[in-house]
Amino acid sequence: MLDFIYYPVSFILWCWHKVFGFVFGESTAIAWILGIIFLTFTVRGIMFKPFVNQVRSMKKMQDFAPEMKKIQKKYANDRQRQAAEMQKLQKEHGVNPLGSCLPMLLQIPVFIGLNHVLRAFTMPPPGGGPKTENYFFSQHDVESYVNAKLFGVNLGEAVYNGVGVVSGGATNVGFHWSVLPVALPLMIVASIATHLTARHSVARQNAASATPQTAIMNKLTMYIFPLGVLVFGALFPLGLLFYWLANNGWTLMQQRLVYTKIDKEEAARKAEAAEKRATLGPKPGQKPTAPKVGQKPVQQKKNQPAQAGSAKKVTKAGSAHGFAQTTPAEATAKADGATAAAPAPADTPNGQNGSKDNGTGVPGLLKDSTRKSGRKRR
């Protein structure tokens, strides 16, 4: 019924067994164990991209977790509206909730397929007689697997056979205590590896996004699941325990690498944003000049050339009389205006006009102050 899973799994295992069987011998346990381990690495390598997408999706969900809490609080009595708003928020942030479950869902068929393929090596065919094939494995490969033993125990044997879901209809039902000395250390190491993997993943979670449901799931993954591996590992064949160890070892290494890369990317984005703010903001020590309330921006007028014939008043500092000196054009204009406004006075006997010009040429100006008072004018 599940041949679409069994055949791909058996083909990958067959390829790796041929590689390591060429080096160590096809009937050796090390060749089969390395074949199982590298089967695990192959499957996890195929799922590497979905795993990275899963981590990024979880990171985004942690970033907008406060917004999700607001929606949950706002629509606490309307579950339908709450679900719609949550989907809308996830769509705005580009988060797919199913993306975080995809790597886990893909591992389940591989686990089931590998368990069945390893069990099928020791299952007799329905018609009786010797087993001639096991999916991609020939009769020669089946015999090499049966003869490959680790400390006298076949890789397809488990501490207890009899549970149909796991054993797949094995004939040797019951406890096999001879398997326990080899299986128990693997069960303990697999349980510890499961705990470390879950603990490393939980440590990455944002405390602000924690919910009661999240706390319960964290306890399940950190303590209950490893305990389940320790207890129910007695139902798994030895080859499947090696798969579990390799899978958890790959996951722990992959998490460290991916999380480190994502942390560096996030630190680079923060540094870039800080540098951009520093560029746009005032320099260190400089006080920002904010415009006053209601003040209009001042625009500088462009320099315009002076009009022809316009008079420009020039004040000369240090003038002896403190009067403003004028340009010749301005003096001429003033003189013309004064002549037109006032009638010409009569001449005086000594040749001076009535405005007391005194020969200076400027109306109203006294005699030259540089002359001494007692000296007569020539």
Starting from residues that are out of contact with any Pro (no Cβ under 6 Å at 6 or more places or on another chain), modelled with pLDDT of 70 or more and open to solvent by less than 60 Å² (accessible area, probe 1.4 Å), keep the ones in the stretch 158-171 and report whichever is nearest to residue 32 (Cα to Cα). 159
Show the residue pairs that are 6+ apart or on different chains and have beta-carbon atoms under 6 Å apart, the first residue being within the stretch 220-239 and farther than 18 Å from residue 36 by Cα, the second being among the basic types (Lys, Arg) and assigned to a helix (DSSP H, G or I). 222/199
Return the pairs, sorted by first residue and then second, in which the second residue is open to solvent by 30 Å² or more (accessible area, probe 1.4 Å), the first residue lies in the stretch 1-21 and is of a type in the set (S, T, N, Q), the beta carbons are less than 8 Å apart, and the residues are 6+ apart or on different chains. 10/135; 10/136
Kindly indicate whether residue 174 is in contact with a Gly (Cβ under 7 Å, 6 or more places away or on another chain) and either among the charged types (D, E, K, R) or exposed (fewer than 11 other Cβ atoms within 10 Å of the Cβ) (or both). yes
List pairs: first in the stretch 134-156 and open to solvent by 10 Å² or more (accessible area, probe 1.4 Å), second among the charged types (D, E, K, R) and assigned to a loop (DSSP other than H, G, I, E, B), Cβ under 9 Å, 6+ apart or cross-chain? 139/131; 139/133; 140/26; 143/131; 146/131
Test result for residue 184, part of a helix (DSSP H, G or I), open to solvent by 30 Å² or more (accessible area, probe 1.4 Å) and within 30 Å of residue 67 (Cβ to Cβ): no
In the stretch 222-241, what residues are more than 12 Å from residue 184 (Cα to Cα) and either surrounded by fewer than 17 Cβ atoms within 10 Å (Cβ to Cβ) or at pLDDT 90 or above (or both)? 223, 224, 225, 227, 228
Suppose the filter is open to solvent by 60 Å² or more (accessible area, probe 1.4 Å) and either modelled with pLDDT of 85 or more or over 19 Å from the mean Cα position of the chain (by Cα) (or both); does residue 285 pass it? yes
Regarding residue 73, is this residue surrounded by fewer than 17 Cβ atoms within 10 Å (Cβ to Cβ), assigned to a helix (DSSP H, G or I) and under 23 Å from the mean Cα position of the chain (by Cα)? no
Among (1) of a type outside the set (Gly, Ala, Ser); (2) in a helix (DSSP H, G or I); (3) modelled with pLDDT of 75 or more, where does residue 60 come up short? (3)
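The values are calculated or read from the model by the stated rules, or taken from the named source; none is laboratory data. Please read these numbers as outputs of a predicted model, since none were measured by experiment. We place every Cβ from the backbone using ideal geometry, glycine too, and count neighbours over all the protein chains shown. Areas reflect the complete protein model, heavy atoms only, side chains present, ligands, DNA and RNA absent. Shrake-Rupley method; radii C 1.70, N 1.55, O 1.52, S 1.80 Å.
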